[in-house]
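One structure below.
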Amino acid sequence: MHMICPWDFAKWNETMTFCEERVCGWIVQPFNSWTSWSVAIVGLIIFLQAKNSLKVFRSLGVALIYLGVGTFAYHATKTYPAGVIDSMGMLMVVTWALLYSLQLLFKFSNKVFVFVYIALNTVLTIYSFFEPFYAATYLFLFFLTTAIFVETIRIYKLKISRDQVLKIFKPLVFCIFLLCVAFFVFWVPDSSGLVCDPKNHFINGRGIWHLLDALAMYFAYSYMKQFATK
């Protein structure tokens, strides 16, 4: 007799695969699911630390909490709506980084920041539900590339002295290092099946990617908060 699993009714032809196999239960990929909460925890820490001149970072904290919860839902259910929610979390984080660089460059207020941020992500959310799942990946890469470009221009205009370079960019270097390790050492081998034990629900590359990403996000926050208006 064929066993009916909780999320079978919502299965879809997903193009992205991960090593950890599905289990028949409410949590489809246990390790991938539970490690997702690390991102939400970092988001909560940032939200609680965002006081006084750092208030704009509360929205980053909310975005990371949303991303952590969305990633959990995605790996726990492997359903299309949860996948869209997960993708929107990534877009919320990367659009926040872009708008923060723009705010520092053009000096607009936090009220304008929040208004544009909410409006932009509302449009992106509606768009994501009506477009193919992979469209969010292209949007993410577009906003990430734009954010890096804007931040590069902003930093160039600051004309930072050599004495300040190490202090200012140290958190960013740690962030980039962790992301590179997470991607090339853990995400790629896991997704390609190069290093993979599908029946291992206690540790895998994708889950470790979540943990390292969460730590990298805190270093990114440590870098960006240096430029907050006093």
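No lab work stands behind these numbers, since they all come straight from the coordinates. Because the structure is predicted, anything quoted here is derived from the model rather than measured. We place every Cβ from the backbone using ideal geometry, glycine too, and count neighbours over all the protein chains shown.
About the centre of its Cα atoms, the range 26-227 shows a dipole size close to 860 debye [charges on the beta carbon of Lys, Arg (+1) and Asp, Glu (-1) only; nearest 20 debye].
Applying a 4.7 Å cutoff between beta carbons, the unpaired cysteines of the chain are CYS175, CYS180. Spatially, the range 136-169 and the range 20-46 are offset by 30 Å when compared through their Cα centroids.
Model label points for VAL185 and ALA135, set 7 angstrom from Cα along the Cα-to-Cβ axis, are 3.7 nm apart.
Take every Cα pair under 8 Å whose residues are at least 6 apart in sequence, average their separation, divide by the length of the range 174-222, and the relative contact order is 53 percent.
Taking the longest Cα principal axis of the chain as reference, the axis of helix 162-181 is set at about 10 degrees. The string of couplings for the range 47-59 from the Karplus curve (6.51, -1.76, 1.60, θ = phi - 60°) is 4, 6, 7, 7, 10, 6, 6, 9, 4, 4, 6, 4, 5 Hz, one whole number per residue in order, with x for Gly and Pro. Taking the charge dipole of the range 26-227 about its Cα centre, with +1 at Lys and Arg Cβ atoms and -1 at Asp and Glu Cβ atoms, the residue from GLN103, VAL62, SER191 reaching farthest to the positive side is GLN103. Working from Cα pairs under 8 Å separated by at least six residues, relative contact order for the range 26-227 is 26 percent.
Computed from Cα positions, the angle between helix 80-106 and the longest principal axis of the chain comes to roughly 10 degrees.
Using a cutoff of 8 angstrom between alpha carbon atoms and counting only pairs six or more residues apart, the relative contact order for the range 1-136 works out to 21 percent.
Axis of helix 110-130 versus longest Cα principal axis of the chain: the two differ by about 30°, to the nearest ten degrees.
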